[in-house]
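All of the numbers you see were taken from the coordinates with simple rules; none came from a lab. In this text the structure is predicted, and so the values were computed from the model without any measurement. Quick reminder, even Gly has a Cβ in these numbers, built from the backbone with ideal geometry, and neighbours come from all protein chains shown.
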């Protein structure tokens, strides 16, 4: 298992996940529109999700549009 | 623009403007936050006539179901441009990453840049941090963003944002959500007089429809508001009022108002009055 920080909360996930597999692991469809991912301070483009690994200690942010002014 | 005498009272005159590469008919940019319901938001979007709405960038609810904001906005009868914001960001670094995430998520290079200078006290002003704002604006413009910069009503900061290549400069009328209207119309007028070559939008602090009319009468290109509509007792009715007020204010600005005078000038001529 690898301990990452997902949207601000510590979370243990299987070793060797990619960004795409991580989304599936937490029950989200990677094909859903309107979502972006950052690992650390770097945005991971959607096209890179299948090939970008998530490693121990990574801070992962998964965002979408919310109500705002 | 068309002379007012040529406009039938029943018809909305075509009065498009272009901002950030997008051509709009409506002069209202509407926020999507704090409505009683998503349906109330949609009704207000429709009633206001807006073609551009602001959205925030927030962590996805990993357990969430239900209709998302984006799903709801897709039900709008009119196509909407999304203007994601960097609300809540306190540093240029945070704002830049938020903007980059918004671009990736929403496939748009438009960004409403907010960098707030508050210190977390219980008496927030939500005033922009001009230093971080200018730093972020420069980097985002260089990265290809069309930056709509929320700023104070300081003409110098406004000019520097224009010089940095912002798509729109958006001075506040009053603190966000305060509903006080244009607390310093002199400063807003000065910014318009000094910056003729960049779209100017009054952003934040509007309370009621006449505030929007006043902003448009100063020659502003548009208004951006949220709470004045979403917090009204009847949001869609207020949205409609804002839509009409921006049109009225824009027409009045184009019509060229009379100068103010200290003393009365009779509108009825004295000629032929009995007793003379």
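Structure above, values below:
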| item | result |
| --- | --- |
| Degrees between helix B:185-194 axis and first principal axis of chain B (Cα, 0 to 90, nearest 10) | 80 |
| Residue of B:118, B:15, B:197 that the Gaussian network model of chain B assigns the largest fluctuation, springs spanning Cα pairs under 10 Å | B:197 |
| Kirkwood Rh in Å, taken over all unlike Cα pairs in the protein assembly as shown | 21.7 |
| Residue-averaged beta-carbon neighbours from other chains (10 angstrom radius) around A:21-34 | 2 |
| Stokes-Einstein D (µm²/s) once Rh is taken as the Kirkwood radius of the range B:1-142 over alpha-carbon pairs, at 4 °C in 1.567 mPa s | 75 |
| Average partner coverage of B:92-99, which counts Cβ from other chains inside 10 Å | 2 |
| Beta bridges per DSSP with both ends in chain A, % antiparallel, nearest 5 | 90 |
| Residue mean of other protein chain beta carbons inside 10 Å, B:101-108 | 6 |
| Extension gain from residue B:260 to residue B:196, taking 0.36 nm per residue of separation minus the Cα-Cα distance | 20.7 nm |
| Ordering of B:87-95, B:106-114 by burial proxy (mean other Cβ atoms within 10 Å per residue, highest first) | B:106-114, B:87-95 |
| Candidates A:34, A:16, A:57: whichever shows maximal mean-square fluctuation once chain A is modelled as a Gaussian network with Cα springs under 10 Å | A:34 |
| Computed [θ] at 222 nm, deg cm²/dmol, the protein assembly as shown (DSSP H ≥ 4; -39,500 (n - 2.57); rounded to nearest 500) | -9000 deg cm²/dmol |
| Candidates B:255, B:149, B:47, ranked by Gaussian network fluctuation over chain B, Cα under 10 Å, top entry | B:255 |
| P(r) weight above 23 Å for the range B:64-155, C-alpha pairs, percent | 33 |
| Average Cα contact separation per residue, chain A, under 8 Å, 6 or more apart, as relative contact order % | 42 |
| Percent of beta bridges antiparallel (DSSP, the protein assembly as shown, rounded to nearest 5) | 50 |
| Helix B:38-48 axis, angle to chain B major axis (alpha carbon atoms, nearest 10°) | 30 |
| Descending semi-axes in Å of chain A, equivalent ellipsoid built from Cα gyration tensor | 19, 14, 11 |
